[in-house]
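Undergrad: Okay, here's the structure, questions in a sec.
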Amino acid sequence: MSDGSPPNVEMAQPAYLGLTEGALRERAEGLRALASPCRLCPRACGVHRDRGERGFCQAGLAAWVASFGPHCGEEGVLVGEGGSGTIFFSGCVLRCLFCQNATISQLGEGEELRVADLARIMLHLQELGCTNVNLVTPTHQAPQIVAALSLAREAGLRLPLVWNCGGYESVEALQLLAGIVDIYMPDFKYGDDAAAASLSAAPDYVERAQEALREMHRQVGDLVVENGVAVRGLLVRHLVLPHGIAGSEAVFRYLAREISPQTFVNVLAQYRPAHRAWERAELARPITRAEHEAALAWARRFGLDRAGPH
């Protein structure tokens, strides 16, 4: 049975192996320049991290890591035989009321590390047999990550790089990641800005996510899966929320018509009230099977053949 990948695609080496050491360092320096005054995410809050200032995400210029290790609960195409080598970064550019990782993303859990330590974590994940290096919530720490990647590559890192983000991204920053990231895995949380403003403090989320998706797809194309494992491309996550408040219809319409009908989409049914969700009546219960099936029906209606529970 076909896994939905384009036919006759050769296995590719990780993208960053095609860049010189100097080119990787230049990308890290370019991203660091975006951090002071900070415009690494669409908030462009303008803080000077090089002076110790911290903005909305609360990150500085050190790598800020909550945990790392093989993870077998990701999409099957990322797990492979050794698990996805996840690194959970602390802080976030969003403030989702229902965040399941709020202690990490919003409440400051984690430890600041040197770039060399982050590079060693990447290499350790490879030694453990992980399928990839999966960078979870990396947007606001892009300079540190690319600097660490440069060190890890010189020490023998050869795993594909997964950029596992919230979808609220700066195109300027993404352009500096071209030729570095193999698999972009953004959330596409909302099809409606009013919901994004109310639930994630991001009133311009939809337009910014749409711009980011276009740039990501331009760089890596549709998801390529070889022998059951993703090697390159775009994988989108959409979490179905109660009462249809995520705007799933608009999300799937945009992906099918403006990105690609072959976009690989994980339509998530895992919503449960967490963090501050209990403050909102519309978020205070899990989704129903009917709500998830209704979202899947919209995806099918728009011709997203690779959308489903993955």
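The values are calculated or read from the model by the stated rules, or taken from the named source; none is laboratory data. The structure presented is a predicted model; accordingly, all values stated were derived computationally and were not measured. Ideal geometry is used to build each Cβ from the backbone, glycine not excepted, and the neighbour counts take in all protein chains shown.
Undergrad: So in segment 105-146, with the set limited to residues that are out of contact with any helix residue (DSSP H, G or I) (no Cβ under 8 Å at 6 or more places or on another chain) and part of a loop (DSSP other than H, G, I, E, B), which one is nearest to Val225 (Cα to Cα)?
TA: Looking at the filtered set, the residue picked out is Cys130.
Undergrad: Only one of (1) in contact (Cβ under 8 Å) with a residue 60 or more places away in the chain; (2) touching a strand residue (DSSP E or B) at 6+ places or on another chain (Cβ under 9 Å) fails for Leu97. Which number is that?
TA: (2)
Undergrad: Taking Ala246 as the residue in question, decide whether it is under 21 Å from Glu211 (Cα atoms) and at pLDDT 95 or above.
TA: When the stated conditions are applied, Ala246 passes them.
Undergrad: So Glu226 clears everything in (1) among the acidic types (Asp, Glu); (2) more than 28 Å from Ala102 (Cβ to Cβ); (3) loosely packed, with under 14 Cβ neighbours inside 10 Å except one condition, right? Which one?
TA: (3)
Undergrad: Scan segment 193-240 residue by residue and report those that are within 16 Å of the chain's Cα centre (by Cα) and closer than 14 Å to Val77 by Cα.
TA: Asp222, Leu223, Ala230, Val231, Arg232, Gly233, Leu234, Leu235, Val236, Arg237
Undergrad: Name the single residue, out of those in segment 62-74 being out of contact with any Ser or Thr (no Cβ under 8 Å at 6 or more places or on another chain) and outside any strand (DSSP E or B), that is modelled with the lowest pLDDT.
TA: Per the criteria, the residue is Gly73.
Undergrad: Kindly list, by first and then second residue, each pair from a residue in segment 20-42 that is farther than 17 Å from Glu169 by Cβ to a residue that is of a type in the set (Lys, Arg), limited to pairs with Cβ atoms under 8 Å and residues at least 6 apart or on different chains.
TA: Glu21/Arg153; Leu24/Arg153; Ser36/Arg49; Ser36/Arg51
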